[in-house]
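Here's the structure we're looking at; comments come further down.
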Amino acid sequence: MARKPGIQTTSVATGEAGAISPGVRTALSLGLVIHLFLAFVAMTANLAPVYSRVQARVLTNFSLYTRLLAVDLNFTPFYWTHASMDDVDHRISVLPAGKRPEVDSDWIHLPDAGVRGSDRYQRYLRLGRTWSLMSQQDDITAAIAKSIGTSFLEQRQVRLARVRCQRHMLQSWETIRGGTQTQRNPDDPSYFQVAYDANLVISRNGTVSVVKLAEAGEIAQPGSEGGKGNATNP
Amino acid sequence: MQPIRDYFQRLSDAVGEGWNRFWFTPVAPETVCLLRILVGLAATYLVASYTADLQVWFGPDGLLPVETVRQLTGTVQAGAFAPQSVGRWSYLDFAESSQLLWVLHFAGLGVVIAFALGLYSRITCVLSLAVTLAYLHRAPMIVGPFESVVPMVLFGLCWAPTGSRWSLDAWLARRRMKPAAIAQVTATRSAWANLGQRLIQVHVAALYLLMAATQLAGQTWWAGEAMWWLIARTDSRLVNLSWMNEHMLAINAWTHSIVLFEVLFGLLIWNRVARPLLLVLSILLWVPLALVTGNVSFCLLMLAVNVSFVPPEFLQGVFAGKPAVAA
C-alpha cells in the first residue's frame, strides 16, 4: 500500500537505537488506552453535575486504580473560586481554658506558625474549609473538634475550652468604594461567620467531650448584624 | 465493499502510524532528566513541608487521626460509588507511634531527595510516587492542587530513563563502568523517554482544559469577577490588590484572559509555532496567580512541568552554550 511521503514511518522502526520492540509497544499501547480512558472518565466526573450509569460503573470498578494513582483529582478546586460559601478563607480558632471568648486576642488562630503562602499555612485553611463543608454532620465535626482538643492537650499541654471554625466573608468592590470605615476593614468582626462552634469538656483523665453550641451560621459575632456579616458573597 | 475496506485500512494505518510516532519515537532524555530534577525538588518540598507539623497532623494525638480521616473520606472524598477505603492506601496509616512516624517520614524524605539527585533513579522514581501518594491519601482533606499534580508527573517519569543525564547514576556509571556499559546507561535516544514525556504532556494539557472547564461551570468566571473574589480572600493572598476595585474592567479582562489562556494552552500547545509563545505567556498566568491565591508551590510547579514541552534538542543546545531554536 502506498504511503504518504511525509510520514516518517522509519522513526519508530524497531531497529533504531532506543526503540521498543513491537510486542512491548502493543502491550504499552493497550495500557495507555486504558489509562487515558480512565483518566478522562475520572477527570470529567469531577465536572459533571450528575453521573451516567456507565460513568458510575467505570468509576466504581476502577476506583482502586484511579484513586490510588490520584488520577481522580478528588474534587480538588482547580477552578480557584466560584465565590461560594465554600470558597472563602476559613479560620480555625481555639480558646484556652480560663480565657475570655469575647476578647479576640485571647483566642489562638490557627495556623499560629508558618509563613503565609506556604503549604504548611494553607493546610490549616483547607482543614477549616473541610470542617465548614461538613458543618451539618455532627458526628464528623465533633470528631474534628475532639481531635483538636486532644492534640492541644497532649502535644502542647494546653486545655482548650472552646473551638470554632469561621468563614472569612469577602468584601465586594462596592463595599470598598462606598462603604463605611468599618465595612472597608476586611478584618472587621462582621466579616466572620461561624460555621462551627463548640465547647470542649476535658475530664480529669484527659478525655475530651464536645458540646456543640449552635447550628452553623446561627451564632452572632461581636459587632455583626444578625451573624451573617456584611460581606457581599454571591 | 472494496472502497470501504480500503478506507478502514487507510484509517487504521494512519491512526497506528500517528499513535506510534507520538508515543514511541525515540528521543534524547534531556527533557525528562530536567523534569526529574524539578519534580524531585517539588516532591522533596512536599514531604519536607510536613516535617514541622508531622506530629501535629498525623501523630497519635494529632489533629487528623486515621479514624477521623476515614470518617471524613467516607462522606465527601470517596464519592458515592465505591467503598470508602478503595484506593486510599497510605503506609503512614500504620504509624501508630511517634517514633515510627518519624522513621517513615525521614525514609520518605530520603527517597525523594535520592530521586532528585538521580540516585537509583529507576527505583527511587517509583518509590517517590508511592511516598507522595502516601501523604496525599493519609489526609486528602488538607492537600491542595500541588499535592495532586506531583504524583501525576512522577507517574510519567516512572517510565523514562530519568537518571541518564545530570544524575548520580550517570556520574557513578562513568566512574565504575566500561565505555560500553556507560553508553547503555546514558543512552542517546530512547523511546521510553518519549513515552514518559508524552504522558506528562497529555496530562498537563488535559489539566489546563480541566481548569478552564471547571471555571466555566461557575458564574463568576463568566461574569469576569473571579479574580476580584480571589483578591478579596485576605487570609490567602500574598499581595493586597484591593485597590483594583476602581478598575473592574481590568479585573474582568484578567479573569477572562485566564480562562482563554487555559483553553488555548490545552489546544495549541501541540502546535510547534504556538508552543514557545504559550510557554512564555504561562509565566504571566502563574506568577500573578501565585501572589493572589497564595498557592505558590502549585503555580511554580505548573511552570516547572511546562518543561515537558521543551524539546530535548533545545536543552542540549542550552547546556552546550548554543541555544537551539525550539522545534
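Results, tabulated for the structure shown:
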quantity	calculated
Sequence-separation-based contact order of the stretch B:125-264, relative, with Cα cut under 8 Å and 6+ spacing, percent	20 percent
The stretch B:114-200, Cα convex hull volume normalised per residue, Å³	82 Å³
Whole-angstrom Cα spans of the protein assembly as shown along principal axes, big to small	82, 55, 55
Principal axis dimensions, the stretch B:25-318 - Cα atoms, whole angstrom, descending	68, 55, 37
Length added when fully stretched, B:L284-B:L249, from 0.36 nm per residue minus Cα-Cα	10.8 nm
Cα-only Debye scattering, the stretch A:89-227: base-10 log of I(q)/I(0) at q = 0.14 Å⁻¹	-0.67
The stretch B:25-318: relative contact order as a whole-number percent, Cα under 8 Å and 6+ apart	24 percent
For the stretch B:199-221 versus the stretch A:89-126, the gap between their alpha-carbon centres in whole angstrom	33 Å
From phi via Karplus (6.51, -1.76, 1.60), per-residue ³J(HN,Hα) for the stretch B:266-278 in Hz, x at Gly/Pro	x, 9, 9, 5, 7, 8, 5, 6, 6, 4, x, 5, 5
Approximate spin-label separation A:D106-A:S29, in nm, with each point projected 7 Å along Cα-to-Cβ	7.3 nm
Pairwise FRET efficiency - A:K99 versus B:L209, Cβ, R0 = 60 Å, nearest 0.05	0.75
Kirkwood estimate for the stretch A:22-68, i.e. one over the average of 1/r between Cα atoms, Å	11.5 Å
Within-15-Å neighbourhood charge of A:L127 [Cβ basis; K, R +1; D, E -1]	+2
Neighbour net charge for A:V71 - beta-carbon separation under 15 angstrom, K R +1, D E -1	0
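Every read-out reported here was derived from the displayed coordinates using simple, explicitly stated rules and does not represent laboratory data. Predicted model, so just to flag it, every value in this text is computed and none were measured. Note that we place each Cβ from the backbone using ideal geometry, even for glycine, and neighbour counts take in every protein chain shown.
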